[in-house]
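Every read-out reported here was derived from the displayed coordinates using simple, explicitly stated rules and does not represent laboratory data. All values reported here derive from a predicted model rather than from experimental measurement. Cβ sites come from the backbone with ideal geometry, for glycine too, and all protein chains shown count toward neighbours.
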Amino acid sequence: MDVLYNLSFWLLAIITVGSALMVVTLKNLSRAVIFLVIFFLGVGGFYFLMQAKFLALIQVVIYAGAVAVIFAFVIMLTPGLPGTKIRQSLNQGVALIITGLFLGSMSLLIYKQLAGAGKAAGIEKSLSLKDLGQVLFTDYLLPFELVSFVLLVALVGAVLLTARERGEGNGGLE
Amino acid sequence: MPWLSLLLVLPVLGALIIFCTPREQDKTVKAVALLIGILETVISLGLYFSYDFHKAGLQFIEEYNWITTLNIKYFLGVDGLSLPMVVLTTFIFLCAVLASWGMSHRVKEYFFLIMIMETAVLGVFTSLDLFLFFLFWELELIPMYLLIGIWGSARREYAAMKFIIYTMTGSAFLLAGFLAMYFLAPERTFDITQLAKAGFAPGVQSLLFVLIFLGFAVKLPVFPFHTWLPDAHVEAPAPVSMILAGVLLKMGGYGLIRINVGLLPEGVKAYIPLLATLAIINVLYGAYVALGQKDLKTMIAMSSVSHMGFVLLPVAAMTPLALNGAVLEMFAHGTVSALLFFCVGLIYERAHTREIKALEGGLAACVPKIAVAFIIGGLASLGLPGMSQFIAEFLVFLGSFPVLRLPTVLGTTGIVFTAGYILWAIKRIFYGPLNPKWAHLKDMQHSYEYLPVVILVGLTVLIGFYPALITNWSDSSLLAMLR
Amino acid sequence: MNNFLVLGALIFAIGAYGVLTRRNVVFIFMGLEIMFSGVGITLAAFAQHIQPASALGQIFILFILTVAAAETALGLAIFLRLAKTHGTVQADKINELKG
Amino acid sequence: MVPYAWLITAMPFIAFLIIIGVTYRRPLASALVAITCTAVSLMVSLSVLVAVIGGQTAELSLKWAEISSFKLELGVLVDPMSAVMFVVVSTITLLVQIYSIGYMHGDPGFSRFFSFLSLFAFSMLGLVSANNFLQIFMFWELVGLCSYLLIGFWYDQPGVALPPPAAGMRAFIVTRIGDVGFLIGILLLASAIPTLNFNEIFAAAEAGKLNTTLLTIAAVLIFTGAVGKSAQFPLHVWLPDAMEGPTPVSALIHAATMVAAGVYLVARTMAIFAAGPDSLLVVAYIGGFTAFLAASIGLVMTDFKRVIAYSTISQLGYMMMALGVSGAVTAGMFHLTTHAFFKALLFLAIGSVIHAAHSQEMRDLGGLGKDMKITSLTFLVGSLALAGIPPFSGFWSKDEIVHAAFASGKVGLGFLGLIVAFMTSFYIFRVYFATFWGERPAHQHGHHVHESPPTMTVPLIILAVLAVVVGWVGTPWANYFAAFLSPGEHHGGGVEGFTVMLMLVSTLIALAGILLAWAIYGRRHYDIEPLAEKSPGLYAFLSKKWFIENFYYGVIVPYGAVGLARLCAWFDRAIIDGLVNGIAGVVGGIGVSLRRFQTGYLQFYALIFFAVVVIAAVYLTLFTGLSAGI
């Protein structure tokens, strides 16, 4: 069990981190989207490992499915974008230093401070979907509704932003 | 019935209705604003006369927890100190709405802002939670900034910017003071009634006093923080000037009495010489600067600075008699300065200049009614008996003299200079042979021009003849506060 | 659990690197998504470790996911709009916030 | 009638309200309203006087406001002094109002004039009836307002010497300087004893409960108010300017009543002066000096209205001197009463001349006695009273003052009084001879002069009769007036040789003045001034009014007030505001340099933002206890 668990963790870690790196370094947008999908799937796997099955499901459906598709759509809807190679930005060195520092300090913090606490993270009984729904629709009903409203607003906003204005002609990138 | 909340909500409601009114329907917008103005006045008068001043203390209290974790409350209530200010506010806004009746430029936005400002000002006078107080205090700035910045005259942007920067700087100190008070209180609270019992150490009080005083000093305004006032007044349109001089300055005075005197008496005591000095500088320097002005509106603005010295002096004296005088002075100056600014507005509308020298030449012959209104305002301003400001200043002197002899004596000489600049201006503008270039000017004609004059003169004379209408209310509350 | 946390931080850092270095707005969004995921992993790890029985952590992530999705949709819509009006999709060509 | 004494004050106010509210557009109705109400006041005043003579006194009081247990009241104090004043004020007001119907006939501001007159009557009667310091101060200011409004009544006219509004403004501001002193005096008293009521303060002062030094200072400060209102040196300059107002106004306000309010004030508060005796010296010497100063200027004025104005100042100085030397109210109040009648008479008479001849310059007038018999005769009566010829009223009161000065041991002031008496009879008969005797100047021959209408001459005749008889109530043999005003004291018990001698001397001195005037001006037309030829320096000094006005309006006002004010205004703009703008500039500069950071590139912002977060994280991890474990 432990071995299997560890093995799957490390495997997933390699896949996820690797694809994430690809996403941020690749020059080709279309390929980057493919790696993004892989990355999302990997994250879903982690959720699964952490006994959050519903989350894993959501992650796969919404992110690996919907969000990635939106990205793909956008890339294709924008003329002259698919397949073109785009240069990286200038601040690579600075960004690297900063993110590296961040990572270092975080790791330090995690290993020093939570050193003894790691053991408890064993296999716990996972929350059933039923429990989750129970809580979500009772205790957290208001936030839930609010979030749905946010989604609605986002939807309307997105439509509004991309809809052609009257008299704008066929629009598009010149 | 939560009357105070109603008082605060009605203008917002009016603003919403105005917001939803189609752009072309100026008449509707004005009617809504007028209706709200009248309703507010009626409610405030109702509150005023149903307040039981024999019982003193806060009444019509509404208290709800708002942000529980920080112990911030929605806490409204009025006493004899705030009620006169509430009534003054509703009256001045009513007059300002009437005075704006001829407005034609972006009417909808204008009245929208006026309504919002009414809520903010009333909120300052009725809230008993410092957080809420500060909220309303800041809320008032935005409409004022826009009103000066959009509807002002030539240098409006400069004046509006100056106004906002000055008051914001003051507000920063104010906020710092409030927060300090919040954290230093035995139990963290913004509740004024609880803070009054907090019993801060004298050293702490004097520190808090400085912070909060700076905030209010800008608003009052106290020398040397007064230079925003002439600019703002000169650039603002007449109704906005009426509000500015009539009500906004009183927020400073009210704050000084309610918070500095009410919560930090030891702090006041630590700075009595400084406060008295500043008050006298305000009175005399303000009068002198007013005497030297070429612009009629600047002159009246500086006269406000001078008169606000009579609000600061009682704060330094801290005797009930003098503070009653201060409340009365705030009310009186509110009506009188609004009247004067209104008259200046009428003159400017007709003659298109405010320069005293340019206006010279017997205007009394062609615009006798405006002349009479201005002269009544001027006489009231120089402290003529039978008008409200006389009895106010008399009480200020009477109350301050036993405590602060020299400053009071110096302050009394201010009445000579006041008479000087006001009579001089009246003489130059209204008297003398009629200058032919003004012969075409029309006198007041419309009811919306008469009504503010009638209301403001009426209030001035009423209080002048029967000051107990204010002092009965303020006295018991001030005595309770000082005890 | 520490491994999960470090992994979350690593993914977050990678995403941040992407956001900071990329010129193309679409790439920036991808970076943002990666950052969100990193946060999500961290949150899930904590949730499982500290309060496995309560659904709080998972619900929190759920909401984050939802809001992030909305944000992405809006962001990409803005991107399309931008592409139309500015004719460029490069973030360093757009500097209207300059004071 | 005593409980209805408040009606005396209220009636003119009612008239004022009716005139501005109802009859403003109907001039004659306005006049009728004003006269009716004043007549009612007069009737009530007379009945009150009768009642007071019968021994009744009263203090009616109304609580106006009570603030922190400090009571403010409005009241009517009915005692002999106020009863006399009620009658004097309402009588003269009534006569002046009747006179004004003729004088102001056809003036576009007719109703306004009568409304102001009514307002004045209200204020003056309110002042007289005051039973506390607040009330007397309020009405004190209100009579000042009426004076201001009435002096500047013809606000669009150029005026004789300066525009009327300017004169009104000067009058108001100069008197206000005195009022400041008065106000401080009141504050000083109120700080010593927490009340403003006369009787309570006087009782405390007489009982010696208050500090003598404080009382002296307070008394001097109160006197400052009287100095302003009664035009005493050094605040006398406003009164001659006030002659720019209509002549009935000069008669009522600037001769008979308002200017006498200062004297009334000192008399009313005599208890305070008496408790701080040094203050009486100030009163006496200021009064005496003013009497001399004004009389000397009156000698050379060529505008006869101004001569009489200076005469008023001089007579007011007399009254002050009387109060100061005697420490009692009788002599001063007696002279106030007689002076009110004969000076009102003089003013109304010259008003009649101005009305007919349209000039008040003596060089342009002469020989009017033939055409204006009534005016001429009544003016003569007034002049004789002013000069102090027995049995005219002025003689008795003036004689009492001089007598009091000698009796008090201030012999210098006594002689000063005699000198001034000589000057007085000289200057007033100079006016009389130059105006009514002699020939009309050549350039005036074409202009025919008529006697004034009955509405003007009847009041003149009534006043002339009063100017003769009023003095008889206070002769040294039977001083009813003194007995009435201060019943406790010993009066007129016996007439000593000294008294009789003094009466003879002062009569002779007055006659000498008349003779001298006749010798110089009586036989020919007034055009040259002998003094100007003989002593040009002295003449210039006197005709320039001792250069006091030059000093005030040439130095103090332009430099001390207006110049300093302009300097302050500049200081405010340039220094204070400049300082503020300077600070704003510095802040702005910082802002400009900070602006470079605002590149507008989103990623740059993100980078900075993230960098700061990371730095904070590193700091927290490495340098605080956070990494040490929970």
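Here are some notes:
- Proxy reagent accessibility, fewest Cβ within 10 Å first, across D:L504, A:L108, A:L103: D:L504, A:L108, A:L103
- Taken about its Cα centre, the stretch B:271-483 carries a charge dipole of about 360 debye when Lys and Arg each add +1 at the Cβ and Asp and Glu each add -1 at the Cβ.
- Rounded, prolate or oblate (a/c below 1.5 giving rounded, otherwise prolate when a/b exceeds b/c) for the protein assembly as shown by Cα gyration tensor: prolate
- Solvent-free Debye scattering, log10 I(q)/I(0), computed from the Cα coordinates of chain D at q = 0.05, 0.09, 0.11 Å⁻¹: -0.28, -0.71, -1.05
- For C:K84, a cut-off of 24 angstrom between C-alpha atoms picks up these lysines, skipping any fewer than 8 places away in its own chain: A:K27, A:K85, C:K93, C:K98.
- Residue-count net charge about B:F133 - beta-carbon cut-off 15 Å; Lys, Arg +1, Asp, Glu -1: -3
- Taking Lys and Arg as +1 and Asp and Glu as -1, the other residues whose beta-carbon sits under 12 Å from that of D:A190 total 0.
- Computed on the stretch C:2-93, with alpha-carbon pairs under 8 angstrom and 6+ residues apart, the relative contact order is 30 percent.
- Contact order, relative form, for the stretch B:1-267: 21 percent (alpha carbon pairs under 8 Å, 6 or more residues apart, mean separation divided by residue count).
- Total formal charge among the other residues, if their Cβ is under 11 angstrom from that of C:G15, Lys/Arg +1 and Asp/Glu -1: 0
- Helical contribution to [θ] at 222 nm, DSSP H n ≥ 4, -39,500 (n - 2.57), averaged over chain D, rounded to 500: -22000 deg cm²/dmol
- The alpha-carbon of D:K544 sits under 19 angstrom from the alpha-carbons of these aspartates and glutamates, leaving out residues fewer than 8 places away in its chain: D:D241, D:E244, D:D303, D:E361, D:D527, D:E529, D:E533.
- Loop-resident trypsin sites (Lys or Arg not before Pro) (DSSP state other than H, G, I, E or B) in the stretch B:338-414 with no more than 12 further Cβ atoms inside 10 Å of their Cβ are absent.
- If you sort the three axes of the alpha carbon gyration tensor as a ≥ b ≥ c, you get a/c of 1.5 or more for the stretch D:103-174 and a/b no higher than b/c, which makes it oblate.
- Residue exposure proxy: D:V307, A:V3, ordered by other Cβ atoms within 10 angstrom of their Cβ from fewest to most, comes out as A:V3, D:V307.
- For D:S61, the residues whose modelled amide H falls within less than 5 Å of its own, excluding neighbours fewer than 5 places apart on the same chain, are D:V76.
- Sequence-separation-based contact order of chain B, relative, with Cα cut under 8 Å and 6+ spacing, percent: 16 percent
- Degrees, to the nearest 10: D:497-517 long Cα axis against longest axis of chain D: 90 degrees
- Of C:T85, C:T66, the sequence from fewest to most neighbouring Cβ atoms within 10 angstrom is C:T85, C:T66.
- Residue pairs exceeding 24 angstrom between C-alpha atoms, taken from B:K27/B:K250; B:K297/B:K427; D:K229/D:K398; B:K108/B:K357; D:K305/D:K373; B:K55/B:K197: B:K27/B:K250; B:K108/B:K357.
- Charge dipole (Cα centre; +1 on Lys/Arg Cβ, -1 on Asp/Glu Cβ; no other charges) of chain D amounts to roughly 900 debye.
- CD proxy at 222 nm, helix term only [per DSSP H run n ≥ 4: -39500 (n - 2.57); per residue of chain B; nearest 500]: -24000 deg cm²/dmol
- Using θ = phi - 60° in the Karplus curve 6.51 cos²θ - 1.76 cosθ + 1.60, the 3J(HN,Hα) couplings for the stretch B:118-127 round to 4, 4, 4, 5, 4, x, 4, 6, 10, 7 Hz; x is entered for Gly and Pro.
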